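The structure appears below as structure tokens.
Nothing in this text is a laboratory measurement; each read-out follows from the coordinates by a stated rule. The shown structure was predicted, so the numbers you read here are calculated from the model rather than taken from an experiment.
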Amino acid sequence: MKKIKVFDVRVDEQAALKQWIDNHEDEVEVVLTEDSLEGEHLSQLDDVDGITISQTTTFDPNHFKVLSDNGIYHIAQRSAGFDMYDLPAANEAGIKISNVPSYSPQSIAEFAVTRTLALVRHTDRIDRNVAVQDFTWDLDVQGRTIESLKVGVLGTGRIGSRVAKIFNGFGAKVFAYDLAPNPDLENVLTYVDSLEALVKDIDVLTLHIPGSPENKYVVNESVLNQAKQGLLVINTARGIVLDTDALIRKLDDGTVAAAALDTYENEGPYFKNDWTNQPLEDPVLSHLLERDDVLISPHVAFYTDEAVQNLVDISLDDVLSYIKTQTADHIVNP
Ligand code: NAD
């Protein structure tokens, strides 16, 4: 029987892995390890037919040759990002890399809406008041209905299109700007011709464009200057698309009433790690955490049972496909 080795197994993947293994027990043997593909594992590949890993830092390009020497010509990366691989070096060694380009756009879309609801209905403030037995009603907790809002969606791809549909379901008026408008969405939203036009008359701006170099600080001070007073900004895309310093200035002058940030441009050392009782060395992040008008979450918008199951299923399906047919659906260096 062919054998797959799954490296970098996380606790939260265990149930999803068990499900995939149970569904394929007659076809393939699966070995799990929490370790990364390094050290002694490099000399234990001779009876392995396919691997999947979840590397987050650089992947040593010398390991490509070790894999090909063992007859393994494919790595299934269990994430959307594959920037940790030296693709020319992989090509030279004849190694194909696959990723999981989209594992649950609905999860991210629903989180963006969840955070919008939290800002609009001040749930964070209500919870903080009640925690100190302050049960008063005051203007700070008076909210609005979602159906009364005009929502601006920047980027209507896999995630933004779902955000638009959910807000449309609430009865909100949805506007959008995308470099490539999608005519299929015309029954749920109205496209405008520029980001500046989008921000002019909306209550909520939710960001769903890629964090590519050309999108650095697309949402900047001059864009935010176009907004009417009291805009809510939701970023579940990538930190880099939003100029954080500009956002803070616009929060200070009231143009932006509040923001919910699931991504932050310098999140690298912090998000996903436990910094309890340790000083943060990032004064901007410290400042954001201290503000009452900013909600921070550590890049968890995607993080649902469904997303983890899809990450596992899609990557392992690709490993099995490559073993059987020498190709897979999500090869990034064909
Ligand atoms: P996608 O490629 O399906 O859609 C992106 C859309 O943005 C496309 O329609 C594109 O035409 C448009 N676009 C690109 N640059 C633009 C610009 N400058 N102005 C206007 N439109 C522009 O992407 P997706 O899968 O929907 O992902 C959207 C974002 O969500 C990405 O930044 C991704 O990294 C992020 N994401 C976040 C999480 C999380 O947990 N927070 C998880 C996965 C993805």
(request) State the volume of the convex hull built on the alpha-carbon positions of region 130-211, expressed per residue in Å³ and rounded to an integer. (result) 134
(request) Take region 17-72, compute every pairwise Cα distance, and split them into 10 Å bins from 0; I just need the percent in each bin. (result) 19, 50, 27, 4
(request) Quick one: check the C-alpha center-to-center distance for region 1-59 versus region 96-143, whole angstrom. (result) 35
(message) Going Cα to Cα from Lys3, which lysines come in below 26 Å? Please leave out same-chain ones fewer than 8 positions away.
(response) Lys18, Lys65, Lys96, Lys324
(message) List the lysines whose Cα sits under 16 Å from the Cα of Lys150, skipping any in the same chain fewer than 8 residues away.
(response) Lys165, Lys173, Lys200, Lys228
(request) Would you compute the Debye intensity of region 86-186 from its alpha-carbon atoms alone, equal scatterers and no solvent, and pass along log10 I(q)/I(0) at q = 0.13, 0.19, 0.23 Å⁻¹ to two decimals? (result) -0.65, -0.94, -1.14
(request) Return one quarter of the surface area of the convex hull spanned by the alpha-carbon atoms of the chain, equal to its mean projected area, in nm². (result) 19.8
(request) Can you run the Rg to Rh ratio on region 105-296? Use alpha carbon positions and the Kirkwood inverse-distance Rh. (result) 0.96
(request) Can you tell me the relative contact order of region 194-334? Whole percent, Cα pairs under 8 Å, sequence separation 6 or more. (result) 19
(message) Need one number: the % of Cα-Cα pairs in region 237-314 sitting beyond the 22 Å mark.
(response) 32
(request) Would you please calculate the Kirkwood hydrodynamic radius of region 1-153 over all C-alpha pairs and express it in Å, rounded to one decimal? (result) 19.4
